[in-house]
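**Student:** Sharing a structure, written as structure tokens. Questions coming.
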Amino acid sequence: MDYEVLMPQFSDTMERGKIVRWLKKEGDYVEKGEVIAEIEAEKAVMELQSFKRGTIKRILVSEGQEVEVGKPIAIMELGERIEKPKVEEKPKLEEKPKVEEKKPPPPHKETEKRIELPPGFASPYARLLAKEKGIDLKELQEEGRLTSPTHAKDIEEFEKERYFTPKALELLREYELSLEDLLKEFPNKKIDEDLLLAYVEQKGIPRRVPVSSVQKSLISNLSKSFVVPHYHIYEVFDLSLIPWDKEITLTHWLIKIVGDAMQFFERLRAVYREDHYLIYPNSNVGLAMAVGDELYNPVIKEVNRKSLREIAQEVRELRKRAEEGRLSLEDIKGATLTISNLGMFGIRAFDAVIPYGQVCIIAVGMQEGDGKTHMTFTFDHRVINGFHGALFVKHLKERVLDKNYIKMLKKGA
Amino acid sequence: MSQTLTEKFYYLMKLGREFEIRCKEEYLKGNISGFLHLAIGEEAVHVGAVVGFGKGDLFCPYREHVLALARGIDPKLIMAELFGKATGVSKGKGGSMHLYEPKMDFYGGNAIVAAHLPHAVGAAYARKLMGEKAGVLCIFGDGATNNGTFFEAINMASLWEVPVLFLCENNYYAIGTHVSRSSALKDLYLKARDYMPAEVVDGMDVFAVYEAVVRAKQYIEEYGKPYFIEAHTYRFEGHSMADKGDYRSPRELEMFRKKDPIDLLLKEAYKEGWLTEEQVRLIDQKVEALVEEAVEFALSSPEPSEEELYTDLSCGVCSDVIP
Amino acid sequence: MLYRDALNLALDYAMEHDPRVVVLGEDVGFYGGNYRVTDGLYVKYGAKRVIDTPIAENSIVGTAIGMALMGLRPVAEIMTVNFAMLAMDQFVNQMAKLRYMSGGKLFLPLVVRMPQGVAKQLASQHSQSLEHFFASVPGLYVFCASDSISAYHGLLHAIRMDDPVVFLEHTLLYGMDFPFEYVKNFDPFKARILKEGKDITVVSYLKMVHDALKACEWLEERDGISCEVIDLTSLRPIDFETIYESVRKTHRLVVVYEAPKTLGLGAEVSARISEELFYYLDAPPLRIAGEEVPIPYNRKLELRAIPTPEKIYERILSWSKSHGL
């Protein structure tokens, strides 16, 4: 029978404990009352005695690590001494446990009702405000235009409705204007959209646009990408053979062709990790995708194993999800190379910043009448050196002119 | 006993006696109010102890007029305090039970029975830590020895080996309860004897008290350890002005009045030739004048200003010693 | 830095720089303190300055008073505030009064430190919050510390003062790790605004500050209610000016404390606000406090008896809704 040895609570205030030293190792037999570990809590080192007799099967928390009280730190097999204790495969030691962030309680289902009283009641501060603004509280309460008791916020709302059109109120928020200032500027006047717009123009007040969370992460990743040592290769491609149409666009074709080419260059399927590379078997190609004001970088996985039609469909699905703001983490991680196409806007050539964690981005320009297209390759120099980069570009150039290959792709689409 | 010492005893005891008789009069006139605890009958303990102890910190209970006078505090300032005047020794904020003069190492009366015992222990600890030899005299009544704080204090004093002379003035009554009805041990010094040397002395005999205290002082300062003296005495008045003291039989009172410490002192002094009637007459005159002067001073002194209500609550400064 | 280490650092600093500073209490010396606050001081400064006392609370405080009268600067530790009840005579009748009754002739450079509050299942006699007992006594200063910065600087300030200070700590804070920095001119008499806000002023102290902050974070994220959180570092005197200034802005006051609601510190703060700022109030002041019960042993019941972040959040939310926010 297995028995979990838990991090003990030595004192009323102890929340976490640190294993200073294991006095027993896996496979050791332990008598009841024997000291098995030394634990530090609240600056004191205390001995942990075994409450049971048995064999230590696994040690879950290594020396120097800290865990919360009540968490298992070892597993024992109870019972008499066994001659050859089974020792399971060396287990993974528990990672430093995360302190669980307290979650707020679930929202109220029945939210508390506002206190309601017959006309004539107001908070002291609401009365002060009403007096300042020359509002007759009782009259308005009797007319049903103010609730009773009236609070400061009710008066503010009342003032807003009284002096501002709904559209003007929206602008008020966008430009972060002060209600008080406007009421002073335009006393006793209904303020509408036009009046407000004229006002902000005259005063030169900027409109405040919040940075979206997507944009925030993009900004942070861009800055990280920018310090990656990189270089560019500029080349003109002849894409006249590619029979793209509305359904399967040039971008879809390029994803497929690049993905296939990546199969011959493992460094294009790699990511860099401190002292090693991780090389993925399949070609996972990212796509720079503008949706509204945002830039997304979803990934089409295993491009080498997918048909053009499948790719086209997947790109459309990803775009839809991006538009609906429901791209998952799976949808955006794992690419090693990204394609960014600005050709449809008539841009001839440009270069792009490698998305953080990837090794290459291909910036695709406009396809000219004769099918000539500028493409700029940006490589992570730590992973792909110039020689490999050049070979990859050369390979790709040849591939787009390979009639049989293109025919095969079209057929298989 | 030297002549000068006897003269000093007589002067201080007579001053205490006359001062307190006058206090009683002024209380009845309404010039003094609140609690007024008179030590009439206990002067031998108070004077003998303070004079015998000499230099050193003094912690007292609430019956402390005579102790303050013996320590040398100006009768004018004490009377003014009793009158609640701004010129009083505690600016009129303390009253009869709270006379303080740290410049004379007089740490006052305390209105809570036994509360000042740990103060004396702490004070002695501090003196010892600072490398001073001076001991601390702590006076309290028989009632205090039944309080837990008493046992805490004698335990700590003995444990920490600090020079405190615990002087218990046993006047047999804790307000109206006789010591036999409140203490399991009739001999109060037995309560301390296992912790420190303890002895009993006749508290009506100023010479006996004096000699015992001088010995004890030598002991505590030489060994840096505490000492206990129980002095038997009697208060001729009630516990305070509100107490007629009629729980005591006239016979008992009469018996102790025959042992009035001032009479005993004079009898001894005349017998030994330490004092002449002329000397006594001169001292009496001087005492009478001093008491009269004290009352006049108190009467003519101003009341504290209303602002005084809010002063002396805190120092309002920070010590600049710790950088 | 751990809260207990901050206190230890302050004691160490004071003892190193002023030979008159002594520490006394139960188990503070050889043993190192029951909450390890005095750890290491015994070895460094010796038994004469780090004094182990018998279990005699009244005389621990009493002897500290005697030491202070003679010019030492004692820092006494009462193991928990619950045991301070045995020493109330010394706190209330002696420590708080001697200076005043002597017409300013005596002064007491004295600190009594002690933890209070609910830790974990210590039951009724070890779980109380009694700050209002001390904060209602003229002649005492009452400081408290909610993190390592206020613990270090507050305690050091208390030791520097020539007046008696009751220094309250919270049992659960000892093991908590807080960012630490040396603050120039730290003033315990000035309340700290830990979070700025515009809708509600939330006043708290000791451990409840952290629970209130958590609740206010949720209120801001989920309900768009912006709270200003004020941490009191002195409970006598209370820095009412900072509270007034905040309430003049928010028009709403909430006080969060662990002691039972009745006659607690929140009663005082609410009453002052009602007296001084009645016409500025947009809602009745709200007290979120402990239940009117002794603290029970059972963990579930124990948590029911005191405010938690969840309860604080819900109470503020429903109160805001009832009163037109």
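The values are calculated or read from the model by the stated rules, or taken from the named source; none is laboratory data. Values in this document were obtained by computation on a predicted structure and should not be read as measured data. In this analysis, Cβ positions are derived from the backbone assuming ideal geometry, glycine residues included, and neighbour counts consider all displayed protein chains.
**Student:** Mind checking which residues of the range B:126-148 are over 24 Å from B:Ala212 (Cβ atoms) and either within 9 Å of chain C (Cβ to nearest Cβ) or touching a strand residue (DSSP E or B) at 6+ places or on another chain (Cβ under 6 Å) (or both)? If you could, list the steps in order and put the result at the bottom.
**Tutor:** Filtering the range B:126-148 for residues over 24 Å from B:Ala212 (Cβ atoms) gives B:126, B:129-131, B:148.
The answer is B:Ala126, B:Leu129, B:Met130, B:Gly148.
**Student:** Still on this structure, I have one more. Which one is nearest to B:Lys103 (Cα to Cα) among residues in the range C:96-117 that are facing chain B (nearest Cβ under 7 Å) and of a type in the set (A, V, I, L, M)?
**Tutor:** So in the range C:96-117, the residues facing chain B (nearest Cβ under 7 Å) come out as C:99-107, C:109.
Still in the list and also of a type in the set (A, V, I, L, M): C:101, C:106.
Numbers: C:Met101: 16, C:Leu106: 10 Å.
Checked the range C:96-117; the qualifying residue nearest to B:Lys103 (Cα to Cα) is C:Leu106.
**Student:** Moving to a separate point now. Of the residues C:His157, C:His153, which is in contact with a Phe, Trp or Tyr (Cβ under 6 Å, 6 or more places away or on another chain) and either within 13 Å of chain B (Cβ to nearest Cβ) or not in a helix (DSSP H, G or I) (or both)?
**Tutor:** Values: C:His157 fails: in contact with a Phe, Trp or Tyr (Cβ under 6 Å, 6 or more places away or on another chain).
One residue alone meets the criteria, C:His153.
**Student:** Just for the range C:52-69: of the residues that are of a type in the set (A, V, I, L, M) and crowded, with 24+ Cβ neighbours inside 10 Å, which one is farthest from C:Asn8 (Cα to Cα)?
**Tutor:** The first filter runs over the range C:52-69 and keeps only residues of a type in the set (A, V, I, L, M), leaving C:55-56, C:60-61, C:64-65, C:67-69.
Applying the additional criterion that residues be crowded, with 24+ Cβ neighbours inside 10 Å yields C:60-61, C:64-65, C:67-69.
Values: C:Ile60: 20, C:Val61: 20, C:Ala64: 19, C:Ile65: 22, C:Met67: 21, C:Ala68: 21, C:Leu69: 25 Å.
So, considering only residues that are of a type in the set (A, V, I, L, M) and crowded, with 24+ Cβ neighbours inside 10 Å, the one farthest from C:Asn8 (Cα to Cα) is C:Leu69.
**Student:** All but one of (1) at negative phi; (2) in contact with a Lys or Arg (Cβ under 9 Å, 6 or more places away or on another chain) hold for C:Ala119, so report the exception by its number.
**Tutor:** Here C:Ala119 clears every test but (2).
**Student:** Pull out all pairs, ordered by first then second residue, where Cβ-Cβ is under 6 Å, the residues are six or more apart or on different chains, the first lies in the range C:44-67 and is more than 8 Å from chain B (Cβ to nearest Cβ), and the second is buried (at least 24 other Cβ atoms within 10 Å of the Cβ) and assigned to a helix (DSSP H, G or I).
**Tutor:** C:Glu57/C:Ala87
**Student:** Report, by residue number, each residue of the range C:278-314 that is facing chain A (nearest Cβ under 10 Å) and surrounded by fewer than 19 Cβ atoms within 10 Å (Cβ to Cβ).
**Tutor:** Those that are facing chain A (nearest Cβ under 10 Å) and surrounded by fewer than 19 Cβ atoms within 10 Å (Cβ to Cβ): C:Phe278, C:Tyr279, C:Pro284, C:Thr308, C:Glu310, C:Lys311.
**Student:** For the range C:68-78, which positions are within 10 Å of another protein chain (Cβ to nearest Cβ) and charged (D, E, K, R)?
**Tutor:** C:Arg73
**Student:** Find the residue count for the range B:169-216, including only residues that are aliphatic (A, V, I, L, M) and in a strand (DSSP E or B).
**Tutor:** Here is the first cut: in the range B:169-216, the residues aliphatic (A, V, I, L, M) are B:174-175, B:179, B:184-185, B:188, B:190, B:192, B:196, B:198, B:200-201, B:204, B:206, B:208-209, B:212-214, B:216.
With in a strand (DSSP E or B) added as a condition, the list becomes B:174, B:198, B:200-201.
Going through the range B:169-216 one residue at a time, the tally reaches 4.
**Student:** Of all residues being in a helix (DSSP H, G or I) and small (Gly, Ala, Ser) in the range A:371-395, which is farthest from A:Asp245 (Cα to Cα)? Just the residue, please.
**Tutor:** From the range A:371-395, those in a helix (DSSP H, G or I) are A:386-395; that's our starting set.
Going one step further and asking which of them are small (Gly, Ala, Ser), we end up with A:386, A:389-390.
Details: A:Gly386: 34, A:Gly389: 30, A:Ala390: 30 Å.
Going through the qualifying residues, I end up with A:Gly386.
**Student:** Let me ask you something else. Quickly run through the range A:382-413 and pick out the residues that are without any contact (Cβ under 8 Å) to a residue 60 or more places away in the chain and closer than 13 Å to A:Leu268 by Cβ.
**Tutor:** Passing the criteria: only A:Asn385.
**Student:** Sticking with this one: Could you check how many residues of the range C:194-204 are in contact with an Asp or Glu (Cβ under 6 Å, 6 or more places away or on another chain) and either more than 19 Å from C:Ser318 (Cβ to Cβ) or assigned to a loop (DSSP other than H, G, I, E, B) (or both)? I'd like the intermediate steps shown before the answer.
**Tutor:** Of the range C:194-204, the ones in contact with an Asp or Glu (Cβ under 6 Å, 6 or more places away or on another chain) are C:194, C:196-197, C:201.
So of that shortlist, the ones also either more than 19 Å from C:Ser318 (Cβ to Cβ) or assigned to a loop (DSSP other than H, G, I, E, B) (or both) come out as C:194, C:196-197.
Within the range C:194-204, residues that are in contact with an Asp or Glu (Cβ under 6 Å, 6 or more places away or on another chain) and either more than 19 Å from C:Ser318 (Cβ to Cβ) or assigned to a loop (DSSP other than H, G, I, E, B) (or both) number 3.
**Student:** Output yes when any residue across the range A:202-215 is hydroxyl-bearing (Ser, Thr, Tyr), exposed (fewer than 14 other Cβ atoms within 10 Å of the Cβ) and more than 30 Å from A:Leu128 (Cβ to Cβ), and no when none is. Before you say what the answer is, go through the steps one by one.
**Tutor:** Of the range A:202-215, the ones hydroxyl-bearing (Ser, Thr, Tyr) are A:212-213.
Adding the requirement that they be exposed (fewer than 14 other Cβ atoms within 10 Å of the Cβ) leaves A:212-213.
Among the residues that remain, those that are also more than 30 Å from A:Leu128 (Cβ to Cβ) are: A:212-213.
Checked against the condition, which is being hydroxyl-bearing (Ser, Thr, Tyr), exposed (fewer than 14 other Cβ atoms within 10 Å of the Cβ) and more than 30 Å from A:Leu128 (Cβ to Cβ), the range A:202-215 yields at least one hit.
**Student:** Of all residues in the range B:169-201, which are of a type in the set (Lys, Arg) and surrounded by 17 or more Cβ atoms within 10 Å (Cβ to Cβ)?
**Tutor:** Step one: of the range B:169-201, the residues of a type in the set (Lys, Arg) are B:181, B:186, B:191, B:193.
B:Lys191, the sole residue that qualifies.
**Student:** Of all residues in the range C:266-319, which are in a helix (DSSP H, G or I), within 21 Å of C:Gln116 (Cβ to Cβ) and among the charged types (D, E, K, R)? Spell out the reasoning first.
**Tutor:** Filtering the range C:266-319 for residues in a helix (DSSP H, G or I) gives C:266-280, C:299-305, C:309-319.
Those still in the list that are within 21 Å of C:Gln116 (Cβ to Cβ) too: C:266-269, C:299, C:301-305, C:309, C:311-312.
Matches in the range C:266-319: C:Glu268, C:Arg299, C:Glu302, C:Arg304, C:Lys311.
For every residue, the table says whether it meets (1) closer than 20 Å to B:Ala124 by Cβ; (2) touching a Ser or Thr at 6+ places or on another chain (Cβ under 9 Å).
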{"residue": "C:Glu16", "(1), (2)": "no, no"}
{"residue": "C:Ala47", "(1), (2)": "yes, no"}
{"residue": "C:Ile60", "(1), (2)": "yes, yes"}
{"residue": "C:Gly66", "(1), (2)": "yes, no"}
{"residue": "C:Met88", "(1), (2)": "no, no"}
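**Student:** Moving to a separate point now. For A:Lys190, state whether it is surrounded by fewer than 14 Cβ atoms within 10 Å (Cβ to Cβ) and either farther than 30 Å from A:Asn297 by Cα or aromatic (Phe, Trp, Tyr) (or both).
**Tutor:** Details: surrounded by fewer than 14 Cβ atoms within 10 Å (Cβ to Cβ): yes; either farther than 30 Å from A:Asn297 by Cα or aromatic (Phe, Trp, Tyr) (or both): yes.
Yes, satisfied.
**Student:** Listed residues C:Ser246, C:Ser318; which is farther than 23 Å from C:Leu140 by Cβ, surrounded by fewer than 19 Cβ atoms within 10 Å (Cβ to Cβ) and polar (S, T, N, Q)? Break it down stepwise before answering.
**Tutor:** On the way: C:Ser246 fails: surrounded by fewer than 19 Cβ atoms within 10 Å (Cβ to Cβ).
It is C:Ser318.
**Student:** Scan the range A:163-194 for residues that are at pLDDT below 85, in a helix (DSSP H, G or I) and of a type in the set (Lys, Arg) and report the count.
**Tutor:** 2
**Student:** From C:Glu217, C:Glu131, C:Glu181, C:Glu169, grab the single residue that is of a type in the set (D, E, K, R) and within 24 Å of C:Arg248 (Cα to Cα). So that I can check it myself, show each step before the final result.
**Tutor:** Working: C:Glu131 fails: within 24 Å of C:Arg248 (Cα to Cα); C:Glu181 fails: within 24 Å of C:Arg248 (Cα to Cα); C:Glu169 fails: within 24 Å of C:Arg248 (Cα to Cα).
Of C:Glu217, C:Glu131, C:Glu181, C:Glu169, the one residue that is of a type in the set (D, E, K, R) and within 24 Å of C:Arg248 (Cα to Cα) is C:Glu217.
**Student:** Is it true that some residue in the range C:135-142 is closer than 18 Å to C:Gly266 by Cα and among the β-branched types (Val, Ile, Thr)?
**Tutor:** Yes, some residue in the range C:135-142 is closer than 18 Å to C:Gly266 by Cα and among the β-branched types (Val, Ile, Thr).
**Student:** Which of the strands (runs of 3 or more DSSP E) contained wholly in the range A:16-128 include at least 1 residues that are among the hydrophobic types (A, V, I, L, M, F, W, C) and at pLDDT below 80?
**Tutor:** Working: elements: A:16-22, A:35-41, A:44-49, A:54-59, A:66-68, A:72-78.
Those strands (runs of 3 or more DSSP E) span A:35-41, A:44-49.
**Student:** Any residue in the range A:168-177 that is more than 30 Å from A:Glu323 (Cβ to Cβ) and touching a helix residue (DSSP H, G or I) at 6+ places or on another chain (Cβ under 6 Å)? Write out each step before concluding.
**Tutor:** The initial filter retains those residues of the range A:168-177 that are more than 30 Å from A:Glu323 (Cβ to Cβ), namely A:168, A:177.
Applying the additional criterion that residues be touching a helix residue (DSSP H, G or I) at 6+ places or on another chain (Cβ under 6 Å) yields A:168.
Yes, the range A:168-177 has at least one match.
**Student:** So A:His252 clears everything in (1) more than 30 Å from A:Lys407 (Cβ to Cβ); (2) in contact (Cβ under 8 Å) with a residue 24 or more places away in the chain except one condition, right? Which one?
**Tutor:** Result: A:His252 passes all but (1).
**Student:** While we're looking at this one, here's another question. Out of the helices (runs of 4 or more DSSP H) lying entirely within the range B:57-168, which hold 2 or more residues that are of a type in the set (Gly, Ala, Ser) and surrounded by fewer than 22 Cβ atoms within 10 Å (Cβ to Cβ)?
**Tutor:** Details: elements: B:65-71, B:75-82, B:116-129, B:148-160.
Result: B:148-160.
**Student:** While we're looking at this one, here's another question. Return a yes/no flag: does the range C:79-91 have any residue that is under 15 Å from the mean Cα position of the chain (by Cα) and within 10 Å of another protein chain (Cβ to nearest Cβ).
**Tutor:** No: zero hits.
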